[in-house]
Amino acid sequence: MKELWNERFAKESYTYGKNPNLFFKQEIDKLNPGKLLLLGEGEGRNGVYAAKLGWDVDAVDWSEKGKEKAEKLANQFEVKINYIINDLSVHNPKANYYDAVGLIFLHMNPELREDIHRKVINSLKSGGVVILESYEKEQINNSSGGPKDLDLLYSLEEIFTDFSDLNIISFSKETIELNESPHHQGRAEVIRYVGLKS
């Protein structure tokens, strides 16, 4: 999988574009800048946008090519992000450290998903928020992006259970029109979640 992402990110163009994910942008715009963690950040579109707003950004991904593209994008906008190359299965974020965590189209098998979501909750300060957008299981019927393995797509129940220790700010399954790139294009079934750590 790492090789797949390095190959995809090696192209000159940005796989998912240079603009932030719309749901992430909508939610991060509501918050006062602080420390932000982005897992599976890829080519840096969300991290660079947040850094432009004044966020102190830690981005984690296992793709060296993703890091190169992210740093190139950060330089273009004259901002800095701290991009960490690591496998999410072994990455341990600092506890009680982040004001926000972004999980944007980060799809994992159930065991890894549960483990990482626990780590995410632990990494948040009191008052910190999780911003998540992912493909819902019905996305298996669409060609607008996402895994073609049902186990890697999420249900409302799974997200509700994983983040049951947080207070729900917003939580929905939505049918949207994606227009982020050829890889994220067309009708899509997504889960959108924002949770607050008390």
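The values are calculated or read from the model by the stated rules, or taken from the named source; none is laboratory data. Because the structure is a prediction, the values reported are computed rather than measured. Positions of Cβ are generated from backbone atoms using ideal geometry, with glycine treated the same way; all protein chains shown enter the neighbour counts.
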Among the residues of region 36-61 satisfying the criterion of being of a type in the set (D, E) and more than 16 Å from I116 (Cβ to Cβ), which is surrounded by the fewest Cβ atoms within 10 Å (Cβ to Cβ)?
D56
Of all residues being outside any helix (DSSP H, G or I) and among the charged types (D, E, K, R) in region 138-155, which is nearest to H183 (Cα to Cα)? Just the residue, please.
K148
Criterion (at pLDDT below 95, under 29 Å from G54 (Cβ atoms) and acidic (D, E)) met by exactly one of E133, E180:
E180
Taking region 6-35 and keeping only residues that are hydrophobic (A, V, I, L, M, F, W, C), surrounded by fewer than 17 Cβ atoms within 10 Å (Cβ to Cβ) and not in a loop (DSSP other than H, G, I, E, B), one is left with L22
Given the residues I140, I81, I116, I131, which is the only one that is under 22 Å from L196 (Cβ atoms), among the β-branched types (V, I, T) and touching a helix residue (DSSP H, G or I) at 6+ places or on another chain (Cβ under 7 Å)?
I131
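Here is a yes/no grid of residues against (1) more than 18 Å from N21 (Cα to Cα); (2) aliphatic (A, V, I, L, M):
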site	(1), (2)
K72	yes, no
I85	yes, yes
V90	yes, yes
K94	yes, no
D99	yes, no
L103	no, yes
L112	yes, yes
L132	no, yes
E138	yes, no
Only one of these is among the acidic types (D, E), more than 27 Å from K173 (Cβ to Cβ), surrounded by 13 or more Cβ atoms within 10 Å (Cβ to Cβ) and at pLDDT 95 or above: E78, E71, E64. Name it.
E71
